[in-house]
Every structure is written in C-alpha cells, then in structure tokens.
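Have a look at the structure below, then the notes.
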Amino acid sequence: MTDTLSAPAAPSFEGSAPASAPIAQERHIVTAIPGPASQALHERRLAVVSAGVGTALPVYIDRAHDAIVVDVDGNHFIDLGGGIGVMGVGHTNDAVVAAVQEQVAKVTHTLFTVTPYEPYVRVAELLVQHTPGDHAKKVVLVNSGAEALENAVKIARKHTGRAGVAVLDHGYHGRTNLTMAMNFKAMPYNLGFGPFASNIYHAPSSYPFHDGLSGAEAAKRTISYLEKRVGAADLACLVAEPVQGEGGFIVPAEGYLVALQEWCTANGVVFIADEVQSGVARTGAYYASEHFGLVPDMITTAKGIAGGMVLAGVVGRAEIMDSSHAGGLGGTYGGNPVACAAAIAVFEQIEQRDLLGQAKRIESVLKPLLLELQAKHPSIGDVRGMGAMLAIEFVDPETHEPDAAIVSRAVAAAAQQGVLLLSAGTYGNVIRFLPALTISDELLREAVGVLDAALSA
C-alpha cells in the first residue's frame, strides 16, 4: 500500500490577487504595519526559519511591479530599496518576465560546463561589450556577488602566483569565508564565524566627509600602508568598490581610484572593481568605474544584472581570466539558462528604455530633495552618491559623531506610512536610496515627503 500525503491548502490572504492583476503605482496603506496576515506568516516563519536570517520589517510581500510592492494584507509600499539594488529595471519587468517564461519552457538547466547553451555566451558578450576598456576580455558566470568575489580573487592569485589580497576600510564583499575576511565591519556579517581566510590586508580608504583628504592624499596614505604593511611583491590583487555600498555609499575623492589603479599596474597587482551593488546602470553608467576614468583589470557584477533572477559574474582581461586551468572555474548553477535569459532582457531594457538616462533623471530629482532635507534637518551631515545610488548620512550636529538612532527611528516611521527605506554605513547612520530606475518623479517626491515628516517627528 502506498501512503499519500496531501499538501496543506495554501492560505488565503486578504491582499492576495492574481499575478496578472495590475498594480497601481501609488502608496496605499489599509492596515497597521505589519498587518494581520503578515503577523500570521511571521509566526510561521519564527517556528521554522533560522534566527540568523534577520528581518528588517516583517511585512510579507505578495506582488510587486515597478516601484511598488504589495504585501499580503493589501498594503502598497513605495520601494526605495529594490532588494538592495537588484530591481533596477523594476519589479516584474514585463520583458524580463517574458524572457524567463520562454526560457524556462525550453531549457531550465543542463550545466554549462557539461553541455553548454547560447544564453550564457550572449551574457558574456554583453558584459564584454558594456564593461570599461576596449581590451580583450573574458567572463565566468556564477550565482552571487560573494561567489563572484571568491572567483575573482582566486583567478588573480592564479595569474600572479601571489597570495595577498588588499581591501579597503568600510568595504563589504560578502558572507562566504573569504569575503567575510575581506569585510571591514564585523557585526553582523562576521562575528563568531571564524577562523577566516588568511592573507587579507585592510588598508585605509577615501572617505571625504570624515577624513577631508584629497584623492591624492588619500591614495598616498593607502599606498604607503600597503607598501609598508604588506609589500607589493606579495599582493595578488587590490579589491575596491568604486562607490562603497554597505559602507554607506561612500564616493571617494577625485583621483583616488585612478591613483590606486596606476600603482597596481606598476607593481603587477590585479585591480578588481567590486561593482556588485554599483553596476548595471545603477549610477547612470553601465558600471560606476566609468565615472572615475577607471579601466579595472577585473570587475565583479551581480544584483541588478538579471532583474531578480540569480546571476553574477566576473569580467576580466583575457590573459588574466585564462590563467585558470580547465575545470578550475564553474559551478552547478552558475550561468543558469533561465537567469541568463533574464539578464539578456535586462540589457535590452537598459537600451530600449534609456535606463542610463533614467538613473540620471532620478539623481536630478532626488538629490535636490535630499539637499532640501539637509537644510531643514541639521542631523543630516552629508548627501552623496550618483545616479540612482544616493545616500544621506546622519551625525550629531554638535559633535559630528554618527547618529544611528535617528536612522532606525526614521526608517521605522517611514515604513508605517508606506515607504520602504534601507539603512547602511559602518556605523548604521546612513539611509540609502536604491529605487527602480523606472520610478516616477511623483513617487520620489512623495517618499521624501514621508521621510521629512518622520524626521520632523
């Protein structure tokens, strides 16, 4: 006799609607936050999901489109986090959805290193085309930003025959063993998870709001540290985020990154630009390196590349990328055909909808609004960023010390009114803005109005 187990019926939530139902691009709150359906789901979650998987806001999302997410209670939120920069083309972008639907019905998976397929090749071609520099480049596709960093470092080590990895203060690179060692901030990413990978060297970076150094001065300090503390001859690579993400959207002083790259080139050190958060049209360029005149030896990319599907990659000089022996790179799901189809659609959307221009539009609307907030609220010490990657940093007006408490209160208060914001920063005192590049000016103004009221309160 065969036992048959019946799956429990799916719960019916008040806010649930057919996937095809249109989502109005407007903020609309109908329950307390979180609502009863979200609270019920959260109770289920607490029983079965590890406590190590944190939750910034326990509202459970049922549907989303462009810049609006709808929870299971029917509340419509303006999403200014976008899955931490993933949803550059907007939630459930029609072209991405269509590409995924078509590909998933053709080939869902075979493993590229066993029996390859065209979408992987096409994504590699697009990355070669749209990353800085006209030199010969090659690509490996993987699953996440952390995995991309792992592969970039091991390729650089293979190419140079050296072990040392230099990273910059306030940087964030992932949650794997190697990337945890590369992170600047221990809590919550690293604490208690050691021992970590060795041969990682942390050097001071450029943080104009706090250090007041010019690009040349900051670069001299970084290089001096590396030469004295490590020695260039022992360094395989220097990993730098052109705009530091989790560290607080720190934009380095002019000339800083180019000076580091020149030093790397002169000393045979591979310069790796970590563009996991800043890449794929986010800053108004395909990759933020372009804003600084950088032509990195290698670039890591993820987040916005596939419209919410799981994909990441490493792009580098052909001679560096070919340093690995056959079979040394790859992985079961890396460059999955469905994710690749989504990425191809993303690059097409960037061109067809001028999303580089849309990122610049967002900056032209949002940055002045944030500067107005700064003039009104003395606790806002700095407004910075580029394109649709902007941030405000909060400090005590008298002491200039970081003020994380006001960020926590403001983010929580804005959520109650239907605006989803993300904190960031080494000291937790930064609010970052990563809206969909398709967001309207009206939603941006409305969201900043909500934040203004939260800060005033």
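Quick note: the coordinates plus some simple rules give every number you see, no bench work behind them. Every value quoted in this text rests on a predicted model; they were computed, and no experiment measured them. We place every Cβ from the backbone using ideal geometry, glycine too, and count neighbours over all the protein chains shown.
Below is a table of values for the structure above.
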{"item": "DSSP H segments from the chain that extend 30 Å or more along their own axis, Cα-based, with Kyte-Doolittle mean of -0.5 or above", "result": "355-376"}
{"item": "Dipole magnitude of the chain, debye to nearest 20 (Cβ charges: Lys/Arg +1, Asp/Glu -1, about Cα centre)", "result": "880 debye"}
{"item": "Extension gain from Thr332 to Glu125, taking 0.36 nm per residue of separation minus the Cα-Cα distance", "result": "72.4 nm"}
{"item": "Per-residue [θ]222 nm for the chain (sum of -39500 (n - 2.57) over DSSP H runs n ≥ 4, rounded to 500)", "result": "-11000 deg cm²/dmol"}
{"item": "Lysines whose Cα lies under 20 Å from that of Lys360, excluding same-chain neighbours fewer than 8 positions away", "result": "Lys303"}
{"item": "Rounded to 5, percent antiparallel among DSSP beta bridges of segment 98-352", "result": "45 percent"}
{"item": "Cβ-defined net charge surrounding Gln374, 14 Å radius [Lys, Arg +1; Asp, Glu -1]", "result": "-2"}
{"item": "Reachable lysines, given that their alpha-carbon falls under 22 Å from the alpha-carbon of Lys220 and they are not under 8 places away in the same chain", "result": "Lys228"}
{"item": "GluC sites (Glu not before Pro) within segment 249-336: DSSP coil, no more than 15 neighbouring Cβ in 10 Å", "result": "Glu254"}
{"item": "In order through segment 272-286: 3J(HN,Hα) via Karplus (6.51 cos²θ - 1.76 cosθ + 1.60), integer Hz, x for Gly, Pro", "result": "10, 8, 7, 10, 4, 9, 8, x, 6, 6, 4, 9, x, 10, 4"}
{"item": "Amide H partners (placed H, <5 Å) of Val69, local residues excluded", "result": "Phe77, Asp79"}
{"item": "Theoretical gain in end-to-end length, Glu217 to Asp396 [0.36 nm per residue, Cα-Cα removed]", "result": "61.8 nm"}
{"item": "For Met389, residues with placed amide H under 5 Å, excluding near neighbours", "result": "none"}
{"item": "Globularity index of segment 98-352, i.e. its alpha-carbon radius of gyration over 2.2 N^0.38 Å", "result": "0.98"}
{"item": "Percentage relative contact order, segment 144-254, counting C-alpha pairs under 8 Å, at least six apart", "result": "33 percent"}
{"item": "Set of aspartates and glutamates with alpha-carbon distance to Lys154 below 13 Å, sequence-local pairs under 8 removed", "result": "Asp322"}
{"item": "Alpha carbon centroid spacing (whole Å) that separates segment 410-457 from segment 262-331", "result": "30 Å"}
{"item": "Relative contact order, percent, segment 98-352 [alpha-carbon distance under 8 Å, six or more residues apart]", "result": "30 percent"}
{"item": "Point-charge dipole on Cβ atoms (K/R +1, D/E -1) for segment 368-457, about Cα centre, debye to 20", "result": "200 debye"}
